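A.B. asks: Quick one: the structure is below, and I'll ask about it shortly.
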Amino acid sequence: MPKMNLSHFEAAFLFSLFTSVVMGIVTKNNDRDRLHYGIYTFACFMIALFGLGWLMYFGHG
Amino acid sequence: MAVKEKEEKQPAVPIGAWAPAVALGWLIPGGGHFLLKRTGRGVLLLIAVTSMFVCGLMMRGYMFQPQTGDLLTTLINVGGFVGDVAGGILYLLTVWLGYNQPDVAGHVHDYGTKFLVVAGLLNILAMVDAFEIAAGRKE
């Protein structure tokens, strides 16, 4: 099996993508709400990812 | 004085109505949705869970064994094992074909381990969704 070498960002991006798809599907009752919730969840992941990334960057000194 | 509202009890759903969808949903990610004629959602679940699991394998993630010891060891290993097993056929094939990896240090391997466990946990969410559809509580 080929080996996959991902950076922190790439791994977190993929994680966010797959998780958002499932969260969108299982949470809401119609397709429009599912799409909106999936996008919302993905955006929250990205905001947290960049926010925590910069926080660690500044916290590191 | 707070007014107590009576909780409406939902009627018990016969096991025959939901068990096949939940069992198939465990075995094949999205399988419960296929059985319940929610093909589009089933395909998306299948792609998302399988992709996550395969990415975890390709990152050489570790598959947990149900070890016991102190509380934290038990929680991590048994919880991780349950998450791995929830992957259904993906987990079974991985173990049977010998693709499970030893635990090694490194951030990519750590991510891989988390991907494998979370793929199983997402499949549990899909199984719960299939149960709710089969029970008539959801469209």
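A.B. asks: Take the residues in the range B:77-101 that are among the aromatic types (F, W, Y) and part of a helix (DSSP H, G or I), then tell me which one is nearest to B:Q65 (Cα to Cα). Can you show your working first?
C.D. replies: Step one: list which residues in the range B:77-101 are among the aromatic types (F, W, Y), which gives B:81, B:91, B:96, B:99.
Subsequent filtering for residues that are part of a helix (DSSP H, G or I) retains B:81, B:91, B:96.
Details: B:F81: 6, B:Y91: 12, B:W96: 15 Å.
Filtering the range B:77-101 for residues that are among the aromatic types (F, W, Y) and part of a helix (DSSP H, G or I), the one nearest to B:Q65 (Cα to Cα) comes out as B:F81.
A.B. asks: Any residue in the range A:30-40 that is among the basic types (K, R) and under 30 Å from B:N100 (Cα atoms)?
C.D. replies: No; the residues of the range A:30-40 include none that is among the basic types (K, R) and under 30 Å from B:N100 (Cα atoms).
A.B. asks: Turning to a different aspect of this structure: Which residues, counting only those in the range B:48-76, are assigned to a helix (DSSP H, G or I) and touching a Gly at 6+ places or on another chain (Cβ under 8 Å)? Step through it out loud before you land on a result.
C.D. replies: In the first step, residues of the range B:48-76 are kept if they are assigned to a helix (DSSP H, G or I); the result is B:48-58, B:71-76.
Scanning the range B:48-76 gives B:V49, B:F53, B:C55, B:G56, B:L57, B:M58.
A.B. asks: Next question, about the same structure. Looking at (1) of a type in the set (A, V, I, L, M); (2) touching a Lys or Arg at 6+ places or on another chain (Cβ under 9 Å); (3) closer than 16 Å to B:M127 by Cα, which one does B:M58 not meet, given that it meets all the others?
C.D. replies: With (1) of a type in the set (A, V, I, L, M); (2) touching a Lys or Arg at 6+ places or on another chain (Cβ under 9 Å); (3) closer than 16 Å to B:M127 by Cα applied to B:M58, the lone miss is (3).
A.B. asks: Take the residues of the range A:1-45 that are surrounded by fewer than 17 Cβ atoms within 10 Å (Cβ to Cβ) and hydroxyl-bearing (S, T, Y): which is farthest from B:T50 (Cα to Cα)?
C.D. replies: Restricting to residues being surrounded by fewer than 17 Cβ atoms within 10 Å (Cβ to Cβ) and hydroxyl-bearing (S, T, Y), the top hit is A:Y40.
A.B. asks: Kindly provide the set of residues from the range A:11-37 that are more than 9 Å from every other protein chain (Cβ to nearest Cβ) and farther than 19 Å from B:G120 by Cα, ordered by number.
C.D. replies: Listed by number, the residues that qualify are A:K28, A:R32, A:D33, A:L35, A:H36, A:Y37.
A.B. asks: Which one is surrounded by the most Cβ atoms within 10 Å (Cβ to Cβ), of the residues in the range B:81-101 that are away from chain A (no Cβ under 14 Å), in contact with a Leu (Cβ under 7 Å, 6 or more places away or on another chain) and of a type outside the set (D, E)?
C.D. replies: Taking the candidates together, the pick is B:G88.
A.B. asks: Which of (1) of a type outside the set (A, V, I, L, M); (2) within 28 Å of B:F34 (Cα to Cα); (3) assigned to a helix (DSSP H, G or I) is the odd one out, the single condition B:H109 does not satisfy?
C.D. replies: Answer for B:H109: the failing condition is (2).
A.B. asks: Name the residues in the range B:49-74 that are farther than 22 Å from B:W26 by Cβ and of a type in the set (A, V, I, L, M, F, W, C), would you?
C.D. replies: Residues satisfying the conditions are B:M58, B:M59, B:L71, B:L72.
A.B. asks: Looking only at residues that are at pLDDT 90 or above and loosely packed, with under 12 Cβ neighbours inside 10 Å in the range B:65-74, which one is farthest from the other protein chains (Cβ to nearest Cβ)?
C.D. replies: Within the range B:65-74, the match that is farthest from the other protein chains (Cβ to nearest Cβ) is B:D70.
A.B. asks: If you don't mind, there's one more thing I want to ask. Kindly indicate the residue of the range B:109-139 that is closer than 25 Å to A:E10 by Cβ and touching a Lys or Arg at 6+ places or on another chain (Cβ under 7 Å) and also surrounded by the most Cβ atoms within 10 Å (Cβ to Cβ) among those meeting that condition. I'd like the intermediate steps shown before the answer.
C.D. replies: The initial filter retains those residues of the range B:109-139 that are closer than 25 Å to A:E10 by Cβ, namely B:109-123, B:125-126.
Narrowing further to those that are touching a Lys or Arg at 6+ places or on another chain (Cβ under 7 Å): B:109, B:112.
Working: B:H109: 18, B:G112: 26.
The extreme case among them is B:G112.
A.B. asks: Going by what's in this entry, would B:A23 be described as within 14 Å of chain A (Cβ to nearest Cβ) and modelled with pLDDT of 95 or more?
C.D. replies: Numbers: within 14 Å of chain A (Cβ to nearest Cβ): no; modelled with pLDDT of 95 or more: yes.
No.
A.B. asks: Being hydrophobic (A, V, I, L, M, F, W, C), without any contact (Cβ under 8 Å) to a residue 24 or more places away in the chain and within 14 Å of another protein chain (Cβ to nearest Cβ) narrows it down to one residue among B:V118, B:V128, B:V78, B:V104; which is it?
C.D. replies: Details: B:V118 fails: without any contact (Cβ under 8 Å) to a residue 24 or more places away in the chain; B:V78 fails: within 14 Å of another protein chain (Cβ to nearest Cβ); B:V104 fails: without any contact (Cβ under 8 Å) to a residue 24 or more places away in the chain.
Unique residue meeting the criteria: B:V128.
The values are calculated or read from the model by the stated rules, or taken from the named source; none is laboratory data. Remember, it's a predicted structure, so these values are computed and weren't measured experimentally. So basically every Cβ, Gly included, is an ideal-geometry build from the backbone, and we count neighbours across all protein chains shown.
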